[in-house]
2 protein chains.
Amino acid sequence: MNTMINLINNHRSVRHFEDKPLSEEQIQMIVTSAQAASTSSFIQAYSIIGVTDEAKKKKLAELAGNQSFVETCGHFFVFCADLHRHKVVSEMEGINLTESIESTEKFMVGLIDAALAAQNAALSAESMGLGICYVGGIRNNLHGICEVLKTPEHVIPLFGLAVGYPARENEQKPRLPYHHIYHENEYEQSPNQYKVELEEYNKTISAYYHERTSGKRADTWTEQMSHMFEKKKRMYMKDFVQEKGLDRV
Amino acid sequence: MNTMINLINNHRSVRHFEDKPLSEEQIQMIVTSAQAASTSSFIQAYSIIGVTDEAKKKKLAELAGNQSFVETCGHFFVFCADLHRHKVVSEMEGINLTESIESTEKFMVGLIDAALAAQNAALSAESMGLGICYVGGIRNNLHGICEVLKTPEHVIPLFGLAVGYPARENEQKPRLPYHHIYHENEYEQSPNQYKVELEEYNKTISAYYHERTSGKRADTWTEQMSHMFEKKKRMYMKDFVQEKGLDRV
């Protein structure tokens, strides 16, 4: 296993950071790495907003569900799907591109482009000895987030990436079994075998929580997922995305 | 700059491969790296299908717009957003989770999870000296792709990742200016400045094509984008995604 794969496979989230900001050089390195990622048909449908203003960071931490490390990390990046740029292109070229910009296909491109860039950023940071944590919590209240970040129409903040000097690392959570994620030639699973695999995985996850919490918690993966999905989080999203002019047609 | 960042920043797509399949060990390494990526709230809403069957590869190459390297690469992976798994969870736990599964929020989670995993896979492959190319072309005809890969409801193939021994590498295309992608504290751009930056970038891209094609081509980025968006590609996507039971509510 080479050092790169070692770094990739050793990833764990960091939610406790030392009180030390990233240097301008580190930020530039991380953003440049993000930009080196592949982008669908060269569309480059994403933007990154780095938040250093203390009041804004405090507000973002609140909006993301009171996650204090959003405020205390070394640098907080917000990755956005961005088709505003192509609206400007349409003005510059004098051609109406609205239907494409507002299509589900281009919404998907924005999400994929932003996530590919973000994972490059994350690994770039980790290779410098920094810790990272993705913050999907910003999607709890995107109206508020957009207000803080002053994003225009056709831009949707997707997730944060908190980066900084790690004070404490999480443990690695065991992932779904390899053959549950990876199929050969076709998505062929006997429904029974599929459930047997999930039951096996449940045992692994339950044991993981049991050990980590000294017995206080021992829920399985399927329990955790069903409780989470039952709560119907962020059901405003469809309207929100369409209000912003994406995923409409 | 460390070796990891060097590898990230030197990425270029490879569309010409030697006739040599990946080993089982390489495939496992790549998939394991994919699984090490962060996943939103531990949802793990993606699957990977590796295609080795010759007839299937040929069909996928056709469906992706006659991209022959889909057939000739060392291994072809298809990354899918996958909420089928959570439908099975719902059966196992006896709780109706349909509304969450079919929400725009979970559709976004599927896309983001799959893309984060894919970028880990891509870098893992590149660190082994292999070349990669993302293939968004599979979205030209997802009905056909789903038939070949036998994907169930709530699963959407998003893009392919062709991996193999590079026979020829593309050049790196210059990316949008740093400050066009990266904003500080808020998305604040004067519309004029924004256009000036794009005009500057147009010169860079035009010069890039001019040199690369010995003068046969010199289109700018905004021209390229407006022609592409004017064509309204893949406008069936909204209906398709909803037929498959995602992004409905």
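The values are calculated or read from the model by the stated rules, or taken from the named source; none is laboratory data. In this text, all values refer to a predicted model and were calculated from it rather than measured experimentally. Because the Cβ atoms are built from the backbone with ideal geometry, glycine has one as well, and the counts that use them run over all protein chains shown.
Structure data summary
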| item | result |
| --- | --- |
| Residue pairs meeting the criteria (Cβ under 6 Å; at least 6 apart or on separate chains; first more than 7 Å from every other protein chain (Cβ to nearest Cβ) and crowded, with 22+ Cβ neighbours inside 10 Å, in segment A:29-58; second assigned to a loop (DSSP other than H, G, I, E, B) and not acidic (Asp, Glu)) | A:ALA45/A:LEU83 |
| Filter pass, A:GLU211 being exposed (fewer than 13 other Cβ atoms within 10 Å of the Cβ), on the phi < 0 side of the Ramachandran plot, assigned to a helix (DSSP H, G or I) and free of Cβ contacts under 8 Å to residues at least 40 places away in the same chain | yes |
| Members of segment B:159-170 found to be modelled with pLDDT under 95 and over 19 Å from the mean Cα position of the chain (by Cα), listed by number | B:ARG168 |
| Unique match (being small (Gly, Ala, Ser) and touching an Asp or Glu at 6+ places or on another chain (Cβ under 9 Å)) among B:ALA122, B:ALA61, B:ALA55 | B:ALA61 |
| Among (1) free of Cβ contacts under 8 Å to residues at least 40 places away in the same chain; (2) surrounded by 15 or more Cβ atoms within 10 Å (Cβ to Cβ); (3) at the interface with chain A (Cβ under 7 Å from one of its Cβ atoms), the one test that B:LYS232 misses | (2) |
| Residues of segment B:237-248 classified as buried (at least 17 other Cβ atoms within 10 Å of the Cβ) and within 11 Å of chain A (Cβ to nearest Cβ), total | 6 |
| Residue among A:TYR182, A:TYR178 that is of a type in the set (Ser, Thr, Tyr) and touching a strand residue (DSSP E or B) at 6+ places or on another chain (Cβ under 9 Å) | A:TYR182 |
| Criterion (outside any loop (DSSP other than H, G, I, E, B), more than 28 Å from A:GLN35 (Cα to Cα), over 10 Å from the mean Cα position of the chain (by Cα) and at pLDDT 95 or above) met by exactly one of B:ILE145, B:ILE132 | B:ILE145 |
| Pick from segment B:7-28, criterion facing another protein chain (nearest Cβ under 7 Å) and not β-branched (Val, Ile, Thr), ranking: surrounded by the fewest Cβ atoms within 10 Å (Cβ to Cβ) | B:ASN9 |
| Unmet criterion (only one of (1) in contact (Cβ under 8 Å) with a residue 60 or more places away in the chain; (2) in contact with a helix residue (DSSP H, G or I) (Cβ under 7 Å, 6 or more places away or on another chain); (3) surrounded by fewer than 24 Cβ atoms within 10 Å (Cβ to Cβ); (4) of a type outside the set (Gly, Ala, Ser)) for A:GLU105 | (1) |
| Residue count, segment B:202-229 (criterion: facing another protein chain (nearest Cβ under 8 Å) and not aliphatic (A, V, I, L, M)) | 6 |
| Some residue of segment A:151-174 being more than 12 Å from A:ALA81 (Cβ to Cβ), part of a helix (DSSP H, G or I) and within 10 Å of chain B (Cβ to nearest Cβ) | no |
| Segment A:85-121, residues that are over 21 Å from B:PHE159 (Cα atoms) and facing chain B (nearest Cβ under 7 Å) | A:HIS86, A:VAL88, A:VAL89, A:SER90, A:MET92, A:GLU93, A:ILE95, A:LEU97, A:GLU99 |
| Among (1) crowded, with 16+ Cβ neighbours inside 10 Å; (2) at pLDDT below 95 - the single one B:TRP221 does not satisfy | (2) |
| Those residues of segment A:175-195 which are facing chain B (nearest Cβ under 7 Å) and assigned to a loop (DSSP other than H, G, I, E, B), in sequence order | A:ARG175, A:LEU176, A:ASN185, A:GLU186, A:TYR187, A:GLU188 |
| Boolean, B:VAL148 is closer than 25 Å to A:ALA118 by Cβ and of a type in the set (A, V, I, L, M, F, W, C) | no |
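Conditions (1) among the hydroxyl-bearing types (Ser, Thr, Tyr); (2) in contact (Cβ under 8 Å) with a residue 60 or more places away in the chain; (3) farther than 27 Å from A:GLY131 by Cβ; (4) crowded, with 16+ Cβ neighbours inside 10 Å, marked per residue:
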residue: A:GLU171; (1), (2), (3), (4): no, yes, no, no
residue: A:ARG175; (1), (2), (3), (4): no, no, no, yes
residue: A:GLN189; (1), (2), (3), (4): no, no, yes, yes
residue: A:ASN192; (1), (2), (3), (4): no, no, yes, no
residue: A:TYR201; (1), (2), (3), (4): yes, no, no, yes
